[in-house]
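**Q** Got a structure for you, written out below as structure tokens; questions coming shortly.
The values are calculated or read from the model by the stated rules, or taken from the named source; none is laboratory data. Quantities reported herein were computed from a predicted structural model and do not represent experimental measurements. Cβ placement follows ideal geometry from the backbone for every residue including glycine, while neighbour counts extend to all protein chains displayed.
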Amino acid sequence: MNGRTSARVGMVGAGQLARMTQRAAIDLGVALTVLAERDDDPAVAAGAAVEHGAADDPDALARLADRVDVVTFDHELVDGPALARLAARGVAVRPSPSALAHAQDKLLAREAFARLGLPGPAHAVATDEAGVAALAAAHGWPLVAKARRGGYDGRGVVVVADADELAAVLARGGEWIVEQRVPLAVELAVVLARRPGGAMAVHPVVETVQRDGICHELVMPARVPAATAARAVAVATELATGIDAVGVCAVELFVTPTGDVLVNEIALRPHNSGHATIEGAVTSQFHNHLRAVLDWPLGDPSMRALVAATVNVLGADDGDVAARVPTALAVPGAHVHLYGKTSRPGRKLGHVTVLGDDADAALTAARRAARALTRPA
Ligand SMILES: Nc1ncnc2c1ncn2[C@@H]1O[C@H](COP(=O)(O)OP(=O)(O)OP(=O)(O)O)[C@@H](O)[C@H]1O
Ligand SMILES: [Mg+2]
């Protein structure tokens, strides 16, 4: 019987992260309700209970809150003031609206990271002409313009070659910040879960490969010197503690050719960079997210294999990825995950993880399986 003793978690959003959280909810006997706009959203199709509505609709958020013990998120494009009102009337919102704000507002985030003494790219508010001029003088063009709110998958990130290109971006409207373009040796992510009292479970550092602002591949653990990995973990845990994050968070980091570790951004939810934890870790990020927001004991984040490599399956024009699953499964060791989404160019439709004892071999196999899903044989 699905008794009244089930813990009830509400998740705002019903995409692939909510879908994979639903798998964990089944394991843990948790009743997951997602706030979804469509019944074919990935988490709804996977059997999560649904409250219909939009993440920016205060009434829909209140209806979701009324059905559950704790409210959490699969994305951060949520009405902040409405969330704050829910929290003020005693709803358990985890992460808290004020912690979540660090994933919603890139300017607020940069300022908070600096206050915490954490290194980040030099930045300025785009309308601050003197600030932008100082940035250009110190770091040179090109600079990187970023939408202050609402960007994801690189939308809202524009490399600008000069002041004219920056002006053209600002003419699109909205608020922007401008950053130095950091020379990147590698990008890393630290995925961790944090309970309300501060206990944390930290996965091994992940190496991420982005193309055109979209994450394509992961290798866990990252192939970086131990000191770099330790620095990344220190920065991420200080950040999570400093903003009182609860649930899973993913801290995205830049590593420069001289080995400096800079914070790019933080997501306060399960994250693409944690997908290798499903097979690669003793406890997946999705299980630990539920455990953390329910204030339950966290699971072991350490690895089950020496290496896990994950390759995202991005939409192609001709793609019926589901029809090609058998071909992908012919690759030994390929763990295929499809999100139940229709194909559009560049859209994240799924991912493939391969475990092994050699990063290159695992990556090669995961790439082969991912390619088999997106290209005709
Ligand atoms: N200041 C910078 N210098 C160099 N590269 C950058 C800089 N900012 C962003 N990038 C590149 O663009 C990618 C996307 O940037 P960012 O993570 O800030 O955007 P986003 O759209 O919020 O991404 P996400 O999909 O993670 O939500 C980064 O992973 C990095 O590859
Ligand atoms: Mg990012």
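**Q** Can you go through Ala101, Ala167 and tell me which one is surrounded by fewer than 14 Cβ atoms within 10 Å (Cβ to Cβ), assigned to a helix (DSSP H, G or I) and not assigned by TED's automatic domain parsing to the domain that holds Val233? Steps first, please.
**A** Details: Ala101 fails: surrounded by fewer than 14 Cβ atoms within 10 Å (Cβ to Cβ).
Criteria check complete, one pass: Ala167.
To keep it simple, each residue is scored yes or no on (1) modelled with pLDDT under 95; (2) among the aliphatic types (A, V, I, L, M); (3) assigned to a helix (DSSP H, G or I).
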residue: Gly10; (1), (2), (3): no, no, no
residue: Asp27; (1), (2), (3): no, no, yes
residue: Ala54; (1), (2), (3): no, yes, no
residue: Arg63; (1), (2), (3): no, no, yes
residue: Asp66; (1), (2), (3): no, no, yes
residue: His75; (1), (2), (3): no, no, no
residue: Ala84; (1), (2), (3): no, yes, yes
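**Q** Go through the range 155-164 and give me each residue that's surrounded by fewer than 16 Cβ atoms within 10 Å (Cβ to Cβ) and either assigned to a loop (DSSP other than H, G, I, E, B) or not aliphatic (A, V, I, L, M) (or both).
**A** Step one: of the range 155-164, the residues surrounded by fewer than 16 Cβ atoms within 10 Å (Cβ to Cβ) are 155, 159, 161-164.
Within the range 155-164, Arg155, Ala161, Asp162, Asp164 meet the criteria.
**Q** For the range 244-257, check the following and say yes or no: at least one residue is in a helix (DSSP H, G or I) and either in contact with a strand residue (DSSP E or B) (Cβ under 6 Å, 6 or more places away or on another chain) or more than 16 Å from ligand 1 (Cβ to nearest atom) (or both). Can you show your working first?
**A** As a first pass, look at the range 244-257 and keep what is in a helix (DSSP H, G or I): none.
No, the conditions are met nowhere in the range 244-257.
**Q** Please verify whether the range 286-293 includes one or more residues that are within 16 Å of ligand 1 (Cβ to nearest atom) and not aromatic (Phe, Trp, Tyr). Let's see the steps before the verdict.
**A** First, the residues of the range 286-293 that are within 16 Å of ligand 1 (Cβ to nearest atom): none.
No.
**Q** Considering the range 170-180 alone, what residues qualify as being buried (at least 19 other Cβ atoms within 10 Å of the Cβ) and more than 8 Å from ligand 1 (Cβ to nearest atom)? Can you show your working first?
**A** Residues of the range 170-180 that are buried (at least 19 other Cβ atoms within 10 Å of the Cβ), as a first pass: 176-180.
Answer for the range 170-180, where residues must be buried (at least 19 other Cβ atoms within 10 Å of the Cβ) and more than 8 Å from ligand 1 (Cβ to nearest atom): Trp176, Ile177, Val178.
**Q** Could you tell me whether the range 30-48 includes any residue that is crowded, with 19+ Cβ neighbours inside 10 Å and within 20 Å of Leu298 (Cβ to Cβ)?
**A** Yes, there is a match, as at least one residue in the range 30-48 is crowded, with 19+ Cβ neighbours inside 10 Å and within 20 Å of Leu298 (Cβ to Cβ).
**Q** Related question: Given the criterion within 16 Å of ligand 2 (Cβ to nearest atom) and among the aliphatic types (A, V, I, L, M), identify the matching residue among Val206, Val202, Val219, Val178. Step through it out loud before you land on a result.
**A** On the way: Val202 fails: within 16 Å of ligand 2 (Cβ to nearest atom); Val219 fails: within 16 Å of ligand 2 (Cβ to nearest atom); Val178 fails: within 16 Å of ligand 2 (Cβ to nearest atom).
Matching residue, one of Val206, Val202, Val219, Val178: Val206.
**Q** For the range 308-329, which residues satisfy the criterion of being crowded, with 21+ Cβ neighbours inside 10 Å, at pLDDT 95 or above and either among the aliphatic types (A, V, I, L, M) or at positive phi (or both)?
**A** Scanning the range 308-329 gives Ala308, Ala309, Val311, Val313, Ala328.
**Q** Suppose we filter Ala234, Ala201 for residues that are away from ligand 1 (no atom under 15 Å from the Cβ) and either part of a loop (DSSP other than H, G, I, E, B) or out of contact with any Pro (no Cβ under 7 Å at 6 or more places or on another chain) (or both); which single one remains?
**A** So the residue among Ala234, Ala201 that is away from ligand 1 (no atom under 15 Å from the Cβ) and either part of a loop (DSSP other than H, G, I, E, B) or out of contact with any Pro (no Cβ under 7 Å at 6 or more places or on another chain) (or both) is Ala234.
**Q** Could I ask something else about it? So which residues in the range 71-98 are of a type in the set (A, V, I, L, M) and either surrounded by fewer than 22 Cβ atoms within 10 Å (Cβ to Cβ) or closer than 23 Å to Gly156 by Cα (or both), if there are any at all?
**A** If the condition is that a residue be of a type in the set (A, V, I, L, M) and either surrounded by fewer than 22 Cβ atoms within 10 Å (Cβ to Cβ) or closer than 23 Å to Gly156 by Cα (or both), then Leu77, Val78, Ala82, Ala84, Leu86, Ala87, Ala88, Val91, Ala92 are the ones that fit.
**Q** Would you tally the residues in the range 126-154 being of a type in the set (Lys, Arg), surrounded by 19 or more Cβ atoms within 10 Å (Cβ to Cβ) and part of a loop (DSSP other than H, G, I, E, B)? Give the steps one after another, and end with the answer.
**A** Pass one, the range 126-154, residues of a type in the set (Lys, Arg): 146, 148-149.
Subsequent filtering for residues that are surrounded by 19 or more Cβ atoms within 10 Å (Cβ to Cβ) retains 146, 148.
Now restrict to residues that are part of a loop (DSSP other than H, G, I, E, B): 148.
So the answer is 1.
**Q** Taking only the range 243-272 into account, find how many residues are within 15 Å of the chain's Cα centre (by Cα), away from ligand 2 (no atom under 14 Å from the Cβ) and among the hydrophobic types (A, V, I, L, M, F, W, C).
**A** 3
**Q** Quick check on my filter: what residues within the range 204-231 are among the small types (Gly, Ala, Ser) and either more than 16 Å from ligand 1 (Cβ to nearest atom) or at pLDDT below 95 (or both)? Step through it out loud before you land on a result.
**A** Within the range 204-231, the subset among the small types (Gly, Ala, Ser) is 213, 222, 226-227, 229-230.
If the condition is that a residue be among the small types (Gly, Ala, Ser) and either more than 16 Å from ligand 1 (Cβ to nearest atom) or at pLDDT below 95 (or both), then Gly213, Ala226, Ala227, Ala229, Ala230 are the ones that fit.
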